[in-house]
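What follows is a set of notes on a single structure, which appears directly below.
The values are calculated or read from the model by the stated rules, or taken from the named source; none is laboratory data. Bear in mind the structure is a predicted one, so any value in this text is a computation, not a measurement. Virtual Cβ from ideal backbone geometry, glycine too; neighbours counted across all protein chains shown.
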Amino acid sequence: MLNIHCPCCGVTAEETEFHAHGEAHLKRFGPGSTDDQFESYLFMRKNPKGVHFERWRHQNGCGKWFHVARCTMTLEVFGSYSAQTYVPPQDIIDKIQHRRPDWSAEAPAP
């Protein structure tokens, strides 16, 4: 079971208190986007084996959204941070690279 820290209210609890909502840092396209871009935004998601950035909601607590960096193979949680950021904080990137030296960050597009 995952132990997740909510950066909004400061509570650390089991994953049953939270709800996962998929990939974080998705690029939204504007009204002038092509059908392919819109389809990609709606339906195409990464499903990586390893480090992944996800959106979570503190469903049984403060109700706020935030992001979590975790490993999908080991369920190790590297950290959580505000959903109001376009890229993961440097301290979380450093933590991941320290524990997974072969991992390279893909910079999410804002």
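General remarks:
- With respect to being touching a Leu at 6+ places or on another chain (Cβ under 7 Å) and at negative phi, residue 77 fits the description.
- All positions within region 60-76 that are over 11 Å from the mean Cα position of the chain (by Cα), under 20 Å from residue 26 (Cα atoms) and surrounded by 14 or more Cβ atoms within 10 Å (Cβ to Cβ): 64
Residue-by-condition table, conditions (1) surrounded by fewer than 18 Cβ atoms within 10 Å (Cβ to Cβ); (2) modelled with pLDDT of 95 or more:
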| position | (1), (2) |
| --- | --- |
| 55 | yes, yes |
| 58 | no, yes |
| 78 | no, yes |
| 82 | yes, yes |
| 85 | yes, no |
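- Any chance residue 18 is in contact with a helix residue (DSSP H, G or I) (Cβ under 9 Å, 6 or more places away or on another chain) and aromatic (Phe, Trp, Tyr): no
- Residue count for region 1-37 under the criterion of being surrounded by fewer than 15 Cβ atoms within 10 Å (Cβ to Cβ) and of a type in the set (Val, Ile, Thr): the result is 3.
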